[in-house]
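Below is one structure; the comments refer to it alone.
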Amino acid sequence: MMIKLYKRQPDGSLCYHEAWINGKTITEHWGLAGTKGDTREHEVQSRNHKTELGRILASARGNGFEEIDTEQKRRLIVEFAVDGMGTPDDLDKRARLETKLNNALGWTGLGDCDGGSIGSETMEVCCFVVDFAIAKSVVEAALANTEFSDFTRIYDEDGETG
């Protein structure tokens, strides 16, 4: 279980504060969206995970951080060219890409990967992000000089260019 909270600062910057259960500990993670931020580990004190996460995030909520609904997030798509309907190697590459994007977006407070599709000469991976412009920059940097640097485009499926 994970809870992610966000707060827009007066200067327009976006901050995140999140926590998740990791075995017998709770990982608390916070920072400026697009940066790796800071982490702190807490000992789990009860079996009620929701209560435990609420305890850890109470201060952030008190400072104006709140959850963002999926409907408020943008859909960032990373597209690759493939031959025809793609190959098993393309599917393996897509799975590795999803893992890489989950790590890049998750550890910078920007969002997560929601799977992908393949066929008709393209392969896409879809990510839900809280700030498209920052996320696009983070994704481009994460993919540079890797096996994924051959993407054809990164775009906002909802049509905004931001």
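What follows draws every value from the coordinates through simple rules; no lab data is involved. Note that the structure is predicted; figures quoted are calculated from it, not measured. In this analysis, Cβ positions are derived from the backbone assuming ideal geometry, glycine residues included, and neighbour counts consider all displayed protein chains.
If the reach is capped at under 13 angstrom between alpha carbons, list the aspartates and glutamates near Lys50, excluding any in the same chain fewer than eight residues apart.
Glu18
Return the tail of the calculated pair distribution for the chain, meaning the percent of Cα-Cα pairs more than 25 Å apart.
Here the long-distance tail beyond 25 Å is 37 percent of all Cα pairs in the chain.
For Lys24, give me every one of the aspartates and glutamates with a C-alpha distance below 17 angstrom, ignoring sequence neighbours fewer than eight places off in its own chain.
Partners found: Glu41, Glu43, Glu52.
Can you spot the lysines whose alpha carbon is less than 29 Å from Lys136's alpha carbon? Ignore those fewer than 8 places along the same chain.
Excluding near neighbours in sequence, the set is Lys4, Lys7, Lys36, Lys73, Lys93, Lys100.
Please state the charge dipole magnitude for the stretch 72-156, taken about the Cα centre, from unit charges on C-beta atoms (+1 on K and R, -1 on D and E), reported in debye and rounded to the nearest 20.
Once rounded to the nearest 20, the dipole reads 340 debye.
Between beta-carbons, use under 12 Å as the cut-off and find the net charge around Glu121, counting Lys and Arg +1, Asp and Glu -1.
-4
What do you get for the angle between helix 132-143 and the principal long axis of the chain? Use alpha-carbon atoms, 0 to 90 degrees, nearest ten.
70 degrees
If R₀ is 35 angstrom, what is the calculated FRET efficiency for the pair Arg153 and Arg47, using the beta carbon separation as r and rounding to 0.05?
Computed FRET efficiency for Arg153 and Arg47: 0.15.
Residue by residue through the stretch 52-58, what is 3J(HN,Hα) from phi via Karplus (6.51 cos²θ - 1.76 cosθ + 1.60, θ = phi - 60°)? Round to whole Hz and write x for glycine and proline.
Calculated HN-Hα couplings, in order: 4, 5, x, 4, 5, 9, 4 Hz.
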